[in-house]
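Visitor: Mind looking over this structure? Questions follow.
The values are calculated or read from the model by the stated rules, or taken from the named source; none is laboratory data. None of these values were measured; they are calculated from a predicted model.
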Amino acid sequence: MAAKKATHTMVKLVSAAKTGYEKWFNIPRAHSKLNLILYDPRAQRHCLFTESKKRKTQENKKKDYSKSHRV
């Protein structure tokens, strides 16, 4: 029997205030990179938290807004 691949993964978010404070979230694997504004108790203010671990995500195709396809 083949092992099932997990549908969710644990992601570590690190504070951009460089305090070393981190939070963990359980998100779906297909979800894009996570950036949140959360409270950092060490900095005593709200800060941007970014995903620290590199993981494979679905790349969003860049939209072509040129009118070349409408000719």
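Visitor: Among what's in region 13-23 and is assigned to a loop (DSSP other than H, G, I, E, B) and small (Gly, Ala, Ser), pick the residue that is farthest from Arg55 (Cα to Cα).
Guide: Applying the first criterion (assigned to a loop (DSSP other than H, G, I, E, B)) to region 13-23 yields 16-21.
From what is left, the residues that are small (Gly, Ala, Ser) are 16-17, 20.
Working: Ala16: 19, Ala17: 22, Gly20: 20 Å.
Looking at the filtered set, the residue picked out is Ala17.
Visitor: Could you look through region 1-12, keep only residues that are in a loop (DSSP other than H, G, I, E, B) and under 20 Å from Arg55 (Cα atoms), and pick out the one that is nearest to the chain's Cα centre (by Cα)?
Guide: Thr7
Visitor: Scanning for something of a type outside the set (A, V, I, L, M, F, W, C), at pLDDT 95 or above and not in a loop (DSSP other than H, G, I, E, B), does region 24-39 turn up at least one residue? Quick ask: steps written out before the conclusion?
Guide: So in region 24-39, the residues of a type outside the set (A, V, I, L, M, F, W, C) come out as 26, 28-29, 31-33, 35, 39.
Narrowing further to those that are at pLDDT 95 or above: 39.
Subsequent filtering for residues that are not in a loop (DSSP other than H, G, I, E, B) retains 39.
Scanning region 24-39 turns up at least one residue that is of a type outside the set (A, V, I, L, M, F, W, C), at pLDDT 95 or above and not in a loop (DSSP other than H, G, I, E, B).
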